[in-house]
Amino acid sequence: MGSRITRKDVAERAGVSSAVVSYVVNNGPRPVAKETRLKVLAAIEELGYMPSATARALRLGATSTYGVVVPNGSHSFNAAVVHAVDQELSRHDLSMLLSNSHESVEAELTVIHNMVARGVDGLIVLNAAISDEGWIEQNLTVPAVLLDRQREIDGFITVGPDFLEGGKLATEHLIGHGHKEILPIFGTFEHGEQNMRYTGYRQAVREAGLQEVEPIICDWTREGGYEAGEKYVQMDAPPKAVFCFSDAIAIGFLKAVLDAGLRVPEDVAIVSFDGTDDVGYVHPTITTVRQPIPEMVQYGVEMLLAKKREQHTKHKIFPVGMQVGHSCGC
């Protein structure tokens, strides 16, 4: 009691050598007689022996564990991605080592290097703070998938939704309801490429012959959305339609305008971007542009596993679609 049961303990109880115990546990490389195997298995069960995963990893040169890095685990979209990654890795009998980068380049680099040092077989990084050039400089010894990325980065698997089309879809949906002024609300972008939602918004407004509205900039959180909503209700003549660039911002914005006594969608229509489950649990439910999270994660993991055999870059942009709720006027 209180000490770890070793392979030697099992061998002594079964009356065999440690090597024979190893052959039974690892199903090889040498055959073991049926009677001897049963003795070893009985000793393992009796003593409660648990083979060392670390020793197995050192022997096989693989840990069956993948490092997952997100900027903020409490964010609804990030949480949805982590859930999808966990499910997909579990489907392949693989484990996940999760860490937050707190939206800091320095913290992200530290976390990634620590994960590689711990022997992870690969990395999955969501909405990385590190720039494209910064990734190329890393010279990682394990394959990595970068999620929510719009451009190909040499040596990495890059996956993302069609932000440009999504920005246009959301804006055109509100224009289709007859709105002439649409207010965009979003957080700051670490990389210019991720501003494609705004580019899509601007294209849709221009093609409809309308004028752009100066955006409100906030944090990518519910709290940031609430603060944006407070700014909105203080405007002299606020637009009657709002495009929030994330579900979290939209949920915070919705609460702020409802708290101020406005009606949604009668006084202000809202469309968001992400497609997380959270938008279905508020009132009114929020119309959103859905990112195909399970599909993107499945592709990323499959490419990550194939990377061991195929050493070349993979890049894929996934189509998005409207998920209609009641916040837009539908």
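The values are calculated or read from the model by the stated rules, or taken from the named source; none is laboratory data. Only a predicted model underlies this, so the values are computations on that prediction, with no experimental measurement involved. Here Cβ is always computed from backbone atoms with ideal geometry, including for glycine, and neighbour counts include all displayed protein chains. These area figures cover heavy atoms from the full protein model, side chains too; ligands, DNA and RNA do not enter into them. Shrake-Rupley method; radii C 1.70, N 1.55, O 1.52, S 1.80 Å.
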Completion exercise
Computed ³J(HN,Hα) along region 114-131: with the Karplus parameters 6.51/-1.76/1.60, θ = phi - 60°, integer Hz and x for glycine or proline, the list is 5, 5, 4, 5, 7, x, 4, 7, x, 10, 10, 10, 9, 6, 4, 7, 5, 6
Practice task
Order these peptides, 276-288, 119-131, by their mean beta-carbon neighbour count within 10 angstrom, highest first.
Solution key: 119-131, 276-288
Fill in the blank from the handout: What helix-only [θ] at 222 nm does the chain give? Using -39500 (n - 2.57) per DSSP H run of at least 4, over all residues, to the nearest 500, the answer is -12500 deg cm²/dmol
Fill in the blank from the handout: Under a Gaussian network model of the chain whose springs join Cα atoms within less than 10 Å, the largest fluctuation of MET235, MET196, MET115 belongs to MET235
Practice task
Using packing as a proxy for protection, rank 44-50, 141-147, 239-245 so that the peptide with the highest average count of other Cβ atoms within 10 Å comes first.
Solution key: 239-245, 141-147, 44-50
Problem - Residues with amide H under 5 Å from that of VAL16, placed H, sequence gap 5 or more - result: none
Handout entry: Accessible area expressed per residue, the chain, with surrounding protein chains retained (probe 1.4 Å, Å²)
Key = 50
Exercise for the section: Take the chain, connect every pair of alpha-carbon atoms lying under 10 Å apart with a spring to form a Gaussian network, then pick out the residue of ARG151, ARG197, ARG91 with the largest mean-square fluctuation. Expected result: ARG91
Exercise for the section: Please compute the net charge surrounding GLU212, taking Lys and Arg as +1 and Asp and Glu as -1 over other residues with Cβ under 10 Å from its Cβ. Expected result: 0
Fill in the blank from the handout: Interchain or sequence-distant (5+) residues whose placed amide H lies within less than 5 Å of the amide H of ALA269 are ALA241, VAL242
Exercise for the section: Would you mind working out the magnitude of the charge dipole of the chain relative to its Cα centre, with +1 at each Lys and Arg C-beta and -1 at each Asp and Glu C-beta, to the nearest 20 Debye? Expected result: 1760
Fill in the blank from the handout: Here the percent of antiparallel bridges among DSSP beta bridges lying wholly in the chain, to the nearest 5, is 10
Problem - Ranked by how many other beta carbons lie within 10 Å on average, peptides 8-21, 158-171 from highest - result: 158-171, 8-21
Practice task
Search the structure for amide H atoms under 5 Å from the amide H of ASP162, placed 1.01 Å from N in the peptide plane, and list their residues when 5 or more places away or on another chain.
Solution key: PHE318, VAL320
Completion exercise
Sequence order, region 78-88: Karplus ³J(HN,Hα) from phi using 6.51 cos²θ - 1.76 cosθ + 1.60, θ = phi - 60°, Hz rounded, Gly and Pro as x, gives 4, 5, 5, 5, 4, 4, 5, 5, 4, 5, 5
Practice task
Determine the share of the chain's accessible area contributed by carbon and sulfur atoms, expressed in whole percent, with a 1.4 angstrom probe.
Solution key: 49
